[in-house]
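Student: The structure follows.
The values are calculated or read from the model by the stated rules, or taken from the named source; none is laboratory data. Here the structure is a predicted model, which is why all the values come from computation and not from measurement. Neighbour counts are summed over all protein chains in view; Cβ atoms, including those assigned to glycine, are modelled from backbone coordinates with ideal geometry.
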Amino acid sequence: MKTISTCTLGCKVNQYDTEAMLEAFERAGYVAVPFQQPADVCLVNTCTVTGTGDQKSLKMIRRAARLNPDCAVVVCGCLAQRDAEALLAMDNVRLVIGVQRRAEVVSLLERALAEGARLNAVAPLKGAGFEKLFVSRHEGRTRATMKIQEGCDRYCSYCIIPSVRGPVRSMPLSDVRAEAERLAAAGYREIVVTGIHLASYDRGTGETLLDAVRAVHGAPGVKRVRLGSLEPVVATDEFARALSEMPGLARQFHLSLQSGSAAVLKRMRRRYTPDEYRRAAENLRRYMPDCAITTDVIVGFPGETDEEFRETLDFVREVRLARIHVFPYSRRTGTPAAAMDGQVPEAVKHARAKKLIEVGNELERRFVSDMAGTVQEVLFEQPAGEGLAEGYTGQYVRVRAQARPGEILPVRITGAEGTLAFGEVQRDTEVE
């Protein structure tokens with residue numbers, strides 16, 4: 001019996017890709033085991049969006065070889081696409097495949113093993129098409145991730161992703177519809193629609209992102225649809241109104257911010273201003289007043305002054321964000337930002353990150369506590385002991401109540417402890 005273990009670094013797209021490759025190995029007769037246990041094959045799906053991502057990826061590749069001296073290590077993902085030859089020279093690495101050819105992972109590894117070779121199977125990204133992968137199993141039995149888009153052509157000044165994920169390509173709308181129907185038939189109640197740059201879905205398909213969301217939302221059996229990260233410029237009045245007309249659409253929108261300073265956004269080559277971001281939030285709240293707007297922010301970008309950082313602090317408070325993911329700027333070789341003057345000292349970056357995290361935590365606690373007295377639809381996902389279960393509202397607020405995993409129930413929020421809300425199931429009540 002051949003065994004395989006996996007380790008995934010980075011984003012939800014990587015998690016989806018790992019699951020697809022794991023299932024390919026299982027169809028070939030492999031048995032999955034936890035990463036820390038001995039295995040014949042160890043697959044590490046890497047991230048290179050930050051220096052920390054690089055370091056964690058390399059650490060996990062070394063750990064795989066150390067835990068399994070006789071295993072074959074497969075390395076894929078963004079760091080593999082960027083630095084294949086260096087990774088191929090690491091202990092036990094037999095195959096490097098990057099962000100294409102993942103559907104061929106089993107046959108490529110078997111070829112490398114049969115030839116007693118180390119195989120660099122990283123494919124060029126120019127002209128790449130959307131690689132259709134098959135995933136039938138997702139996190140738990142309630143939520144499934146559907147990747148409908150790959151690649152990015154934004155070329156923000158700090159970001160390495162366009163060079164390692166390649167051009168924009170999208171899943172055909174017919175496949176989006178069929179995949180949603182298959183996932184709903186398999187029992188998944190919520191589908192998370194995601195991609196590397198989701199707002200670019202319409203590129204090359206002749207369809208729009210709204211068309212894709214409608215296709216998922218309209219699939220028989222789908223109860224809730226959640227969107228992955230969006231550019232704020234996509235949240236027009238028309239877009240927000242169309243989303244509000246879909247009763248099963250989760251009212252949580254992750255609008256990427258990165259900075260609340262117009263000058264910093266310009267240096268980042270982001271294609272919006274703070275005013276445009278503010279309007280996007282207003283558009284969404286006009287039609288969905290109770291929605292949660294969440295975001296990412298980079299602190300310590302080259303040249304960021306104390307005043308520019310204060311602009312970000314003021315802006316996130318003004319827009320009333322429900323959750324903030326904070327990242328200290330990470331210098332990426334080959335990006336324009338890496339060569340900019342005014343690189344911010346690490347100590348300053350981390351002090352600013354700490355301050356912004358504190359503000360973000362305060363905003364999140366306030367958002368959760370403001371839900372008290374409302375009735376929210378909660379998809380319960382895991383047991384919490386003593387007949388209780390925990391799950392998430394459409395705004396992605398975690399709730400604990402008397403329920404069973406897999407149920408979607410209206411819950412009156414009675415209070416909160418930090419970012420965890422508590423409630424009472426209202427089985428005969430309509431969701432407000």
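Student: Can you name every residue in the range 357-383 that is among the charged types (D, E, K, R), outside any loop (DSSP other than H, G, I, E, B) and surrounded by 14 or more Cβ atoms within 10 Å (Cβ to Cβ)?
Tutor: Let us first name the residues in the range 357-383 that are among the charged types (D, E, K, R), namely 358, 362, 364-366, 370, 377, 381.
Restricting the remaining residues to those that are outside any loop (DSSP other than H, G, I, E, B) gives 358, 362, 364-366, 377, 381.
Within the range 357-383, Glu364, Arg365, Glu377, Glu381 qualify.
Student: Just checking, does the range 299-317 include any residue being in contact with a helix residue (DSSP H, G or I) (Cβ under 8 Å, 6 or more places away or on another chain), touching a residue at least 24 places away in the same chain (Cβ under 8 Å) and closer than 22 Å to Val397 by Cα?
Tutor: Yes, some residue in the range 299-317 is in contact with a helix residue (DSSP H, G or I) (Cβ under 8 Å, 6 or more places away or on another chain), touching a residue at least 24 places away in the same chain (Cβ under 8 Å) and closer than 22 Å to Val397 by Cα.
Student: Additional query: Scanning the range 398-411 for residues that are among the basic types (Lys, Arg) and surrounded by fewer than 19 Cβ atoms within 10 Å (Cβ to Cβ), which turns out farthest from Glu377 (Cα to Cα)? Break it down stepwise before answering.
Tutor: Initial filter on the range 398-411 (among the basic types (Lys, Arg)): 398, 400, 404.
Then drop every residue that is not surrounded by fewer than 19 Cβ atoms within 10 Å (Cβ to Cβ), which leaves 398, 404.
Working: Arg398: 11, Arg404: 14 Å.
The extreme case among them is Arg404.
Student: Also, I was wondering about something else. Working carefully through the options Arg279, Arg286, Arg269, find the one that is among the charged types (D, E, K, R), within 25 Å of the chain's Cα centre (by Cα) and farther than 18 Å from Arg154 by Cα. If you could, list the steps in order and put the result at the bottom.
Tutor: Working: Arg286 fails: within 25 Å of the chain's Cα centre (by Cα); Arg269 fails: farther than 18 Å from Arg154 by Cα.
Unique residue meeting the criteria: Arg279.
Student: If you scan the range 158-189, which residues turn out to be surrounded by fewer than 19 Cβ atoms within 10 Å (Cβ to Cβ), assigned to a loop (DSSP other than H, G, I, E, B) and on the phi < 0 side of the Ramachandran plot?
Tutor: Hits for the range 158-189 are Pro167, Pro172, Ala186.
Student: Can you confirm whether the range 316-337 contains a residue that is in contact with a strand residue (DSSP E or B) (Cβ under 7 Å, 6 or more places away or on another chain) and of a type in the set (D, E, K, R)?
Tutor: Looking through the range 316-337, at least one residue is in contact with a strand residue (DSSP E or B) (Cβ under 7 Å, 6 or more places away or on another chain) and of a type in the set (D, E, K, R).
Yes/no per residue for (1) in contact (Cβ under 8 Å) with a residue 60 or more places away in the chain; (2) under 23 Å from the mean Cα position of the chain (by Cα):
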{"position": "Arg352", "(1), (2)": "no, no"}
{"position": "Leu356", "(1), (2)": "no, yes"}
{"position": "Val359", "(1), (2)": "no, yes"}
{"position": "Phe367", "(1), (2)": "yes, yes"}
{"position": "Val397", "(1), (2)": "yes, yes"}
{"position": "Arg404", "(1), (2)": "no, no"}
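Student: Looking at this structure, is Gly129 crowded, with 16+ Cβ neighbours inside 10 Å and at pLDDT below 95? So that I can check it myself, show each step before the final result.
Tutor: Working: crowded, with 16+ Cβ neighbours inside 10 Å: no; at pLDDT below 95: yes.
So Gly129 does not fit the description; no.
Student: Could you grab me the full set of residues in the range 83-129 that are among the charged types (D, E, K, R), closer than 26 Å to Arg332 by Cα and over 25 Å from the mean Cα position of the chain (by Cα)? Can you show your working first?
Tutor: Let us first name the residues in the range 83-129 that are among the charged types (D, E, K, R), namely 83, 85, 91, 94, 101-102, 104, 110-111, 115, 118, 126.
Of the ones still in play, those that are also closer than 26 Å to Arg332 by Cα are 83, 85, 91, 101-102, 126.
Within the range 83-129, Glu85, Asp91 meet the criteria.
Student: Sticking with this structure for a sec: Can you go through Arg241, Arg267 and tell me which one is modelled with pLDDT of 95 or more, closer than 18 Å to Ala212 by Cα and in the same structural domain as Val299 (by TED's automatic domain parsing)? I'd like the intermediate steps shown before the answer.
Tutor: Working: Arg267 fails: closer than 18 Å to Ala212 by Cα.
Checking each option against the conditions leaves just Arg241.
Student: A further question follows. Of everything in the range 209-222, what is surrounded by fewer than 16 Cβ atoms within 10 Å (Cβ to Cβ) and either in contact with a Phe, Trp or Tyr (Cβ under 7 Å, 6 or more places away or on another chain) or within 20 Å of Tyr392 (Cβ to Cβ) (or both)? Give them in sequence order.
Tutor: The one that is surrounded by fewer than 16 Cβ atoms within 10 Å (Cβ to Cβ) and either in contact with a Phe, Trp or Tyr (Cβ under 7 Å, 6 or more places away or on another chain) or within 20 Å of Tyr392 (Cβ to Cβ) (or both): Gly221.
Student: Can you tell me which of (1) crowded, with 22+ Cβ neighbours inside 10 Å; (2) touching a Leu at 6+ places or on another chain (Cβ under 6 Å) is the one Val105 doesn't meet?
Tutor: Condition not satisfied by Val105: (2).
Student: Checking the condition crowded, with 22+ Cβ neighbours inside 10 Å, over 29 Å from Gly151 (Cβ atoms) and in contact (Cβ under 8 Å) with a residue 12 or more places away in the chain, which residue from Ala80, Ala65, Ala39 passes?
Tutor: Working: Ala80 fails: over 29 Å from Gly151 (Cβ atoms); Ala65 fails: crowded, with 22+ Cβ neighbours inside 10 Å.
Sole residue among the options that is crowded, with 22+ Cβ neighbours inside 10 Å, over 29 Å from Gly151 (Cβ atoms) and in contact (Cβ under 8 Å) with a residue 12 or more places away in the chain: Ala39.
Student: Of the numbered conditions (1) within 14 Å of the chain's Cα centre (by Cα); (2) buried (at least 20 other Cβ atoms within 10 Å of the Cβ), Ser5 fails exactly one; give the number of that condition.
Tutor: (1)
Student: Here's another thing I want to ask about it. Got at least one residue in the range 360-370 being modelled with pLDDT under 95 and in contact with a Ser or Thr (Cβ under 9 Å, 6 or more places away or on another chain)? If you could, list the steps in order and put the result at the bottom.
Tutor: Here is the first cut: in the range 360-370, the ones modelled with pLDDT under 95 are none.
Within the range 360-370, not a single residue is modelled with pLDDT under 95 and in contact with a Ser or Thr (Cβ under 9 Å, 6 or more places away or on another chain).
Student: In addition: Out of Val233, Val222, Val192, I need the residue that is in a helix (DSSP H, G or I) and of a type in the set (Val, Ile, Thr). Which one?
Tutor: Numbers: Val222 fails: in a helix (DSSP H, G or I); Val192 fails: in a helix (DSSP H, G or I).
Of the residues listed, the single one that is in a helix (DSSP H, G or I) and of a type in the set (Val, Ile, Thr) is Val233.
Student: Can you find a residue in the range 157-180 that is outside the structural domain of Pro383 (by TED's automatic domain parsing), without any contact (Cβ under 8 Å) to a residue 12 or more places away in the chain, within 29 Å of Ala32 (Cα to Cα) and over 21 Å from the mean Cα position of the chain (by Cα)? Even if it seems obvious, please write down each step before you answer.
Tutor: First pass over the range 157-180, keeping only residues outside the structural domain of Pro383 (by TED's automatic domain parsing): 157-180.
Narrowing further to those that are without any contact (Cβ under 8 Å) to a residue 12 or more places away in the chain: 162, 174, 178.
Subset that is within 29 Å of Ala32 (Cα to Cα): 178.
So of that shortlist, the ones also over 21 Å from the mean Cα position of the chain (by Cα) come out as 178.
Yes, some residue in the range 157-180 is outside the structural domain of Pro383 (by TED's automatic domain parsing), without any contact (Cβ under 8 Å) to a residue 12 or more places away in the chain, within 29 Å of Ala32 (Cα to Cα) and over 21 Å from the mean Cα position of the chain (by Cα).
Student: Here is a further query. Among the residues of the range 384-391, is any outside any loop (DSSP other than H, G, I, E, B), among the hydrophobic types (A, V, I, L, M, F, W, C) and modelled with pLDDT under 95?
Tutor: Of the residues in the range 384-391, the ones outside any loop (DSSP other than H, G, I, E, B) are 384-385, 388-391.
Those still in the list that are among the hydrophobic types (A, V, I, L, M, F, W, C) too: 384, 388-389.
Those still in the list that are modelled with pLDDT under 95 too: 384.
Yes: the range 384-391 contains one or more residues that are outside any loop (DSSP other than H, G, I, E, B), among the hydrophobic types (A, V, I, L, M, F, W, C) and modelled with pLDDT under 95.
Student: Which ones in the range 29-84 are touching a helix residue (DSSP H, G or I) at 6+ places or on another chain (Cβ under 7 Å) and charged (D, E, K, R)?
Tutor: Answer for the range 29-84, where residues must be touching a helix residue (DSSP H, G or I) at 6+ places or on another chain (Cβ under 7 Å) and charged (D, E, K, R): Asp54, Arg82.
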